[in-house]
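I have placed the structure first, in the form of structure tokens, so that the comments after it can refer back to it.
Where a number appears in this text, it was derived from the coordinates with a stated rule and is not lab data. All values reported here derive from a predicted model rather than from experimental measurement. Counting neighbours? That spans all protein chains shown, and the Cβs are built from the backbone with ideal geometry, glycine included.
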Amino acid sequence: MGTEPLPPGQRRVKGWPVSHYGPVPRFRQDTWRLQVFGATASGTTYAWTLDEIAALPTTTITTDLHCASGTTTGDHEFLGVPAATVWELAPPGPRVTHVMAWAEYGYSANLRLADFASPRTLMATHHNGEQLTAEHGFPLRLVVPHLYGYKGPKWLRGIEYMTQDRHGFWEERGYHNIADPWAGLRYSYQEDE
Ligand SMILES: Nc1nc2c(c(=O)[nH]1)N[C@H]1C(S)=C(S)[C@@H](COP(=O)(O)O)O[C@H]1N2
Ligand SMILES: [Mo]
């Protein structure tokens, strides 16, 4: 169940229990698109079908997942498209500093550019050699291995380029804007420390 060192205040749990807010969305291939919008360099919105995403070069990462509630799960091998590919295919305008990653039902997580474009940040399609299950984010899930789990939307549908920071779903509800588990940046009240 993983042997990596744990960030402060985390405990390991067995397997991969499902944890998220709200219902699991149903995938509809005919209407599903990944949209890139906001402050793109061209001013236009990009939209890709799942087949178009699946045709992009992939990479694999192995990581633990740290939920801000204190549980860590291990032995995750994710395969997917590096998030930085979005950057190349849909170039951001010069003033972009952050992105909002949007999921089905309006779940969102804001990320600094460096966190989104980090070489290990993935838009995952597969886990341990199998397609992602519905509960874990099928068909596409953002994995930001160096941040708490809430920064990685399951059922990813959009990347919004932003010219200033804005809070996402949990960041509006008392969770830390940066979410670095190794620094213990869990709650928003710590932002004033
Ligand atoms: N769309 C969506 N994505 C989400 C969440 C959510 O509520 N909705 N919860 C996040 C949180 S807090 C965690 S810890 C991880 C949990 O992912 P897992 O159930 O695959 O371990 O999903 C993240 N992605
Ligand atoms: Mo979480």
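For the chain, the convex hull drawn through the C-alpha positions has a volume of 114 cubic angstrom per residue. When each of TYR46, TYR150 is scored by the number of other beta-carbon atoms lying within 10 Å, the sequence from fewest to most is TYR46, TYR150. When TRP16, TRP182 are arranged by Cβ crowding within 10 Å, least crowded first, meaning fewest neighbours, the order is TRP182, TRP16. Considering only alpha-carbon pairs that sit under 8 angstrom and 6 or more positions apart, the relative contact order computed for segment 126-173 is 25 percent. In terms of packing, defined here as the mean over residues of other Cβ atoms within 10 angstrom, the peptides 152-158, 169-175 line up highest first as 152-158, 169-175.
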